[in-house]
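Undergrad: Following this message is one structure expressed as structure tokens.
Bear in mind these aren't lab numbers, they're just calculated from the coordinates by the rules spelled out. Nothing here was measured: the structure is a model prediction, and the numbers come from that model. Cβ sites come from the backbone with ideal geometry, for glycine too, and all protein chains shown count toward neighbours.
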Amino acid sequence: MAKVLCVLYEDPITGFPPKYARDTVPVIEGYADGQSVPSPKGLDFTPGELVGSVSGELGLRKYLEANGHTLVVTSDKEGPDSVFERELADADVVISQPFWPAYMTPERFEKAKNLQIVITAGIGSDHTDLSSAIARNITVAEVTFSNSISVSEHVVMMILGLVRNYLPSHEWVVKGGWNIADCVERSYDLEGMHVGTVAAGRIGLAVLRRLKPFDVHLHYTDRHRLPKEIEEELNLTFHPDAASMVPECDVVTINAPLHPETEHLFNDDMFNRMKRGTYLINTARGKICDRDAVVRALENGQLAGYAGDVWYPQPAPADHPWRTMPHEGMTPHISGTSLSAQARYAAGTREILECFFEGRPIRDEYLIVDGGGLAGTGAHSYSAK
Ligand code: NDP
């Protein structure tokens, strides 16, 4: 019987279970590219419940214990005395979410002698050292597409929030002011702007589709070009790389995975290629941007605004400069963990576990590493060190 070690973010400070704002979440029948939604044999939670925090346990306890497995859930994940580090030595399965990642370093792989599978409840397995997983023949899987639309909605919200100067204007209301000129001196329309995405995968393409009705000029770069029909339908301009795309853009959104090719892709050089006053939205991974270069670009006006929900490390320390830099619209890492998204990635995690325990193949689209190499979605979107 297996030991499943699961790292989740903390419960609400107002207590668990929370009081929900709505009674249901819409049922999503399938994804835009034809992929089907997670289909576990059973589900022990009601979609719309908070299952992403410690007490929610991704709705897994009943299923795992009924099958004789042990489930340990904790949010205490950093340092040698953490619950995660203590429980890791004999864990067979590790599950965590990118929002509150259990960083699976080479040292932790070394320690986890029984480990067979590392599951990302969500999308993005960069917190797992893929080279170690490959070397040790450990499977890495994630719930592809589960929260792609959730993130794309957050991206559109952040683009509009920055361009229209929403958050500072809202602050004037809370302060009791009616300072229209203070609000609008940095407020523009998105209409007519050039918007470019770095990567047009599931999230990037969903962002492009959602922006099309705003009458903007759409640009993208990606390692693989989109089908001609999509380029024509959305009137897309393709660029071979981010460096050649950014000078054309007023708004840039990053939707690529973090891997050796994209780490610190957005640095001083990249910012100096941009038009003065470009807006940058990064909901992909914090490390794709050079932390201090972002602050410099906001201070010197190369960037008119920066928004996103991804940081390094996570949780970000209280003195992280992105909390206090000018013209930022940051949130904690929440875009992919709305209650709607949780329902899908918790169900997908259950599906992966059922396959794993029953010796059935895990869907190819959920695989990042398998059989000692990059596999499935991992082989398409990632590169190993
Ligand atoms: P996909 O795998 O569908 O798309 C990723 C795309 O990035 C692929 O088209 C891939 O290209 C492309 N790509 C990879 N490397 C480069 C590069 N160097 N330059 C340009 N394009 C590149 O993933 P998703 O769209 O679902 O997710 C993207 C990322 O978003 C995730 O990896 C994760 O880091 C982040 N994310 C964030 C969330 C949040 O809550 N903030 C939630 C979910 C994801 P190709 O495959 O053509 O080679």
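Undergrad: Quick one: if the Förster radius is 56 Å, what FRET efficiency do D81 and R210 give, using the C-beta to C-beta distance and rounding to 0.05?
TA: E(calc), rounded to 0.05, equals 0.80.
Undergrad: Another question about this same structure. For a protection proxy built on the mean count of beta-carbon atoms within 10 angstrom, sort 248-258, 208-218 highest first, please.
TA: Working: 248-258: 23.5, 208-218: 16.8.
Order by mean packing, descending: 248-258, 208-218.
Undergrad: Note the direction-averaged projected area, equal to a quarter of the hull surface, for the Cα convex hull of segment 27-99, in nm². Kindly include the intermediate steps, with their values, before the conclusion.
TA: Numbers: hull surface 26.6 nm².
Taking the Cα atoms of segment 27-99, their convex hull projects to 6.7 nm² on average.
Undergrad: Normalised by the residues of the chain, what does the relative contact order come to in percent, with Cα pairs under 8 Å and at least six apart? It would help to have the intermediate numbers written out before the result.
TA: On the way: 754 pairs, mean separation 73.6, N = 385.
Answer for the chain is 19 percent.
Undergrad: Stick to the Cα atoms of the chain, pair each with every other, and give me the Kirkwood hydrodynamic radius in Å at one decimal.
TA: Working: mean 1/r = 0.0460 Å⁻¹.
After inverting the pairwise mean of 1/r, the radius is 21.7 Å.
Undergrad: Which trypsin sites (Lys or Arg not before Pro) in segment 103-180 pass both tests, a DSSP loop state and at most 13 other beta-carbon atoms within 10 Å?
TA: Values: sites: R108, K111, K113, R136, R164, K175; in loops: K113, R136, R164, K175.
When the trypsin sites (Lys or Arg not before Pro) of segment 103-180 are filtered for loop state and at most 13 Cβ neighbours within 10 Å, K113, K175 remain.
Undergrad: Mean Kyte-Doolittle of at least 0.0 and a Cα length of 20 Å or more along the axis: which whole DSSP H helices of the chain meet both?
TA: Qualifying helices, which must be both long enough and hydrophobic enough, are 148-163, 339-358.
Undergrad: Two decimals is fine: what is log10 I(q)/I(0) at q = 0.10, 0.22 Å⁻¹ for segment 1-130, from a Debye sum with one equal scatterer on every Cα and no solvent?
TA: After summing over all Cα pairs, the log10 values are -0.36, -1.41.
Undergrad: Cross-link candidates for K212: which lysines have Cα within less than 26 Å, leaving aside residues fewer than 8 places away along the same chain?
TA: Cα-Cα hits under 26 Å: K228, K275.
Undergrad: Using the per-residue mean of other Cβ atoms lying within 10 Å as a proxy for protection, in what order, highest first, do the peptides 14-20, 76-82 fall?
TA: Values: 14-20: 10.7, 76-82: 12.3.
Top to bottom by mean Cβ count within 10 Å: 76-82, 14-20.
Undergrad: When the distances between all Cα atoms of segment 257-369 are binned every 5 Å from zero, what whole-number percent does each bin get?
TA: Over segment 257-369, the share of Cα pairs per 5 Å bin runs 2, 10, 17, 18, 15, 11, 9, 8, 5, 3, 1, 0 percent.
Undergrad: Moving on. Given the rule -39500 (n - 2.57) for each run of at least 4 DSSP H residues, summed and divided by the residues of the chain, what is its mean residue ellipticity at 222 nm, to the nearest 500 deg cm²/dmol?
TA: Result for the chain: -8500 deg cm²/dmol, rounded to the nearest 500.
Undergrad: Mean-square fluctuation check for the chain, GNM, Cα pairs under 10 Å: which of E49, E233, E85 is largest?
TA: E233
Undergrad: Under 5 Å between amide hydrogens, which residues at least 5 positions from R136 or on another chain qualify, with H placed 1.01 Å from N in the peptide plane?
TA: Those qualifying (amide H under 5 Å, at least 5 residues apart or on another chain) number zero.
Undergrad: A follow-up question, please. Give the peptides 27-38, 144-155 in descending order of average Cβ contacts within 10 Å, highest first.
TA: 144-155, 27-38
Undergrad: Let me ask something else about it. Is segment 205-270 best put as rounded, prolate or oblate by its Cα gyration tensor, with a ≥ b ≥ c the root eigenvalues, rounded for a/c under 1.5, and otherwise prolate when a/b is larger than b/c, oblate when not?
TA: prolate
Undergrad: Another question, then. For the chain, what is the percent of antiparallel DSSP beta bridges, rounded to the nearest 5? The partial results should precede the final answer.
TA: Values: 5 of 47 bridges.
Just about 10 percent of them are antiparallel.
Undergrad: If you don't mind, there's one more thing I want to ask. Between D319, D44, D222, where does the largest GNM mean-square fluctuation fall for the chain, given springs only between Cα atoms within less than 10 Å?
TA: Top of the fluctuation ranking is D319.
Undergrad: Moving on. For a bin width of 10 Å, list the pair-distance distribution of segment 163-242 built from all Cα-Cα distances, rounded to whole %.
TA: Values per bin, smallest distances first: 17, 37, 21, 18, 7, 0.
Undergrad: Looking at segment 149-213, which chymotrypsin sites (Phe, Trp or Tyr not before Pro) are in a loop (DSSP not H, G, I, E or B) and have at most 10 other Cβ atoms within 10 Å? Kindly include the intermediate steps, with their values, before the conclusion.
TA: Numbers: sites: Y166, W172, W178, Y188; in loops: W178, Y188.
Of the chymotrypsin sites (Phe, Trp or Tyr not before Pro), the ones in loops of segment 149-213 whose Cβ has at most 10 other Cβ atoms within 10 Å are W178.
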